[in-house]
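> Sharing a structure below in structure tokens format, with a few things to ask.
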Amino acid sequence: MDEVIRQGILFAVSFFANLFASVSGGGAGFVQFPLLILLGLPFATALGTHKVAVVFLGIGALAKQRRSGGAFCFDRQVALIMIFLGFPAVVLGSLIIIAIPAHVAEITLGCITVAAGVYSLVKKGFGGERLEHRSKARTFIGALLIIVIGLFSGSLSSGAGLFATLTLVGVFGLDLKSAILHTMVFVATVWNAIGAVTVGMATSIHWQWIPTMIAATLAGSYLGTTLLIKLPVRAVRVIFSLVAVLSGLILIYAAFAKRG
């Protein structure tokens, strides 16, 4: 009976975490990953298990997008950068310990995430329209940021999706909804699949909970993408901002809690 209750909690929390993540472009890991640890999994096993489940976040989003008949066109340049630069960065981040101490990185990322959330809320027109002409400087800076985000995606449990969405809007010039869908496909699905395989080769994955997490992730992302398609950009921006601020505060709190 304890296992039934545990999986019931896991399904409910994972469902809502992935629902909000598919609307805001990230943040599921801030809730789902700590929950796995609270339910008794070791850190490394929780990380690998989380990454396996989150792969289905992008699959659920694409399933809804295709069923709705909406035309989702990939930005070819962004897609190539996220695959050929982000791919090896994720593997590298999963295999090595970044020189910066973990708590320093988490506090820094938390502060930047909070600032990004506030910026996206007060910045008029944030993510409202697509940038028609992308300069070489923007492309170069964006590529560097994707590499950094890939490294942290492989080495930390949370934050990559929000940072990727922010980079795709603020640097590459995608509109917010398109940026979120790119994040769902490349960060949630492709990057996490790579990270799951890499981490899974070095540690165990709690396969008993994977079916429950996959079901919750698919359902949450499907419903979340439904809301993403229907909601106006202004509402999506508010949700993104709130999730970013809350996620950043959680990351800062977790970093200080570990040191305490």
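> Across the chain, how large is the tail of the calculated P(r) beyond 25 Å, expressed as a percent of all Cα pairs?
Here the tail beyond 25 Å accounts for 39 percent of pairs.
> Once you keep just the Cα pairs under 8 angstrom separated by 6 or more residues, what percentage relative contact order results for segment 2-259?
43 percent
> Would you work out which of 82, 255, 109 lies farthest towards the positive end of the dipole of the chain? Charges go on Cβ: Lys and Arg +1, Asp and Glu -1.
Going by the charge dipole, the pick is 82.
> Now a separate question. With r defined as the distance between the Cβ atoms of residue 104 and residue 4 and R0 fixed at 41 Å, what FRET efficiency is calculated, to the nearest 0.05?
0.50
> Residue by residue through segment 209-219, what is 3J(HN,Hα) from phi via Karplus (6.51 cos²θ - 1.76 cosθ + 1.60, θ = phi - 60°)? Round to whole Hz and write x for glycine and proline.
Values per residue, Gly and Pro as x: 9, 4, x, 5, 5, 5, 4, 5, 5, 4, 5 Hz.
> From the backbone phi of segment 2-14, what are the Karplus-calculated ³J(HN,Hα) couplings (6.51 cos²θ - 1.76 cosθ + 1.60, θ = phi - 60°) in whole Hz, Gly and Pro given as x?
Couplings: 4, 5, 5, 5, 4, 6, x, 4, 4, 5, 4, 5, 5 Hz.
> So, one more: Enumerate the calculated ³J(HN,Hα) couplings along segment 74-84 in order (Karplus 6.51 cos²θ - 1.76 cosθ + 1.60, θ = phi - 60°), each rounded to whole Hz, writing x wherever the residue is Gly or Pro.
Couplings: 6, 7, 4, 5, 4, 4, 5, 5, 5, 7, 7 Hz.
> Among 111, 73, which comes first, second and so on when ranked by fewest other beta-carbon atoms within 10 Å?
Going from sparsest to densest Cβ surroundings: 73, 111.
> Right, something else. How much length, in nm to one decimal, is gained on full extension between residue 83 and residue 123, taken as 0.36 nm per residue of separation minus their Cα-Cα distance?
The span from residue 83 to residue 123 would gain 11.5 nm if fully extended.
> If you don't mind, another one. For the chain, what is the charge dipole size about the Cα centre, in debye to the nearest 20, if Lys and Arg each add +1 at the Cβ and Asp and Glu each add -1 at the Cβ?
About 620 debye.
> How long are the semi-axes of the equivalent ellipsoid of segment 118-260, taking √(5λ) for every eigenvalue λ of the Cα gyration tensor, in whole Å from largest down?
In descending order the semi-axes read 27, 19, 17 Å.
> Long-range amide H contacts for residue 128: which residues qualify at under 5 Å (H placed 1.01 Å from N, peptide plane, sequence gap of 5 or more or a different chain)?
Result for residue 128 returns 176.
> Modelled label-to-label distance, residue 74 and residue 249, 7 Å Cα→beta-carbon offset: nm?
Between residue 74 and residue 249, the simple spin-label model gives 3.8 nm.
> Find how much the distance from residue 67 to residue 231 grows on full extension, using 0.36 nm per residue of separation minus their present alpha carbon separation; answer in nm with one decimal.
Using 0.36 nm per residue and subtracting the Cα-Cα distance, I get 57.3 nm.
> Using 20 Å as the Cα-Cα cut-off, could you pick out the over-long pairs in 51/230; 177/230; 123/230?
In this structure, 51/230; 123/230 lie more than 20 Å apart at Cα.
Any read-out appearing in this document is the output of simple, stated calculations on the displayed coordinates, not a laboratory observation. Note that the structure is predicted; figures quoted are calculated from it, not measured. Methodologically, a virtual Cβ is constructed for each residue, glycine included, from the backbone with ideal geometry; neighbour enumeration extends over all protein chains shown.
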